Amino acid sequence: MRVVEVRTPDQLEDAMRVRFAVFVDEQGVSADMERDAQDDDPRTVHVVAYADDGTALGTGRLLAPHTDDFHADHGAMDPANPHIGRLAVSEAARGTGAGRALMLALESAALARFGADGRVRVELSAQDQAMPFYARLGYVAHGEGYLDEGIPHHDAYKDLTAPSPR
Ligand SMILES: CC(C)(COP(=O)(O)OP(=O)(O)OC[C@H]1O[C@@H](n2cnc3c(N)ncnc32)[C@H](O)[C@@H]1OP(=O)(O)O)[C@@H](O)C(=O)NCCC(=O)NCCS
């Protein structure tokens, strides 16, 4: 398996196919809500995990810090921090490390693009059922729980530090 940052329209379509299969078909999120303006923001980083045979296994995205009210419905989040979201792994590929690999790629991208003095806080809006996965990666839940598209969520954050140069 390898994780790549999306550079081509075909790779972005691979990401969208996984997202629609997981969030729309499996979880019942409305198709209108799934692809949004942030997907086409040039500062957004999309990543895709590919199997050795080229099958897209999973995806996620990193949003740049925002000055608008995009995060207004997530009370605990600071829009000045980058935001990881839309993390999805195809049902058949779960439990094989793709989710963790995608998160590590998104965290590296956050540090590379938005790190100040080798540090950055990333935030995310976690479905409660996925919180143990995020907690294993070091994310800390904060704030009140809320429903997004009828699904229980909590906000969570992680303070990232760049590895020291050897
Ligand atoms: C949540 C999700 C992305 C995890 O991806 P994954 O590829 O299955 O996760 P990994 O195989 O990389 O698992 C990493 C670790 O987390 C654990 N883990 C994964 N999902 C878990 C869960 N729901 N609850 C508890 N632990 C979990 C794994 O056992 C593994 O543990 P290890 O450290 O002992 O190896 C995937 O289940 C998914 O796409 N779910 C549906 C969509 C979704 O909920 N997205 C998140 C929205 S906020």
Practice task
From (1) under 13 Å from the mean Cα position of the chain (by Cα); (2) surrounded by fewer than 13 Cβ atoms within 10 Å (Cβ to Cβ); (3) of a type in the set (Val, Ile, Thr), pick out the condition that doesn't hold for VAL140.
Solution key: (1)
Exercise for the section: For region 82-91, indicate whether the set of residues that are at pLDDT 95 or above, assigned to a helix (DSSP H, G or I) and closer than 23 Å to ARG17 by Cα is non-empty. Expected result: yes
Handout entry: Residue check for LEU62: touching a residue at least 12 places away in the same chain (Cβ under 8 Å), of a type outside the set (Gly, Ala, Ser) and not in a helix (DSSP H, G or I)
Key = yes
Exercise for the section: Kindly provide the set of residues from region 107-149 that are among the hydrophobic types (A, V, I, L, M, F, W, C), closer than 21 Å to THR44 by Cα, touching a residue at least 24 places away in the same chain (Cβ under 8 Å) and in a helix (DSSP H, G or I), ordered by number. Expected result: ALA109, ALA110, LEU111, PHE114
Exercise for the section: Scan (1) in a helix (DSSP H, G or I); (2) more than 14 Å from the chain's Cα centre (by Cα) for the single condition LEU104 breaks and write down its number. Expected result: (2)
Exercise for the section: Determine whether LEU137 is among the aliphatic types (A, V, I, L, M), out of contact with any helix residue (DSSP H, G or I) (no Cβ under 9 Å at 6 or more places or on another chain) and modelled with pLDDT of 95 or more. Expected result: no
Practice task
State which residue is farthest from the ligand (Cβ to nearest atom) when the search covers only region 110-129 and only residues that are farther than 23 Å from ALA21 by Cβ and buried (at least 20 other Cβ atoms within 10 Å of the Cβ).
Solution key: VAL120
Problem - Residue check for ALA88: near the ligand (Cβ under 8 Å from one of its atoms) and crowded, with 17+ Cβ neighbours inside 10 Å - result: yes
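The values are calculated or read from the model by the stated rules, or taken from the named source; none is laboratory data. These numbers come from a predicted model, not from an experiment. Counting neighbours? That spans all protein chains shown, and the Cβs are built from the backbone with ideal geometry, glycine included.
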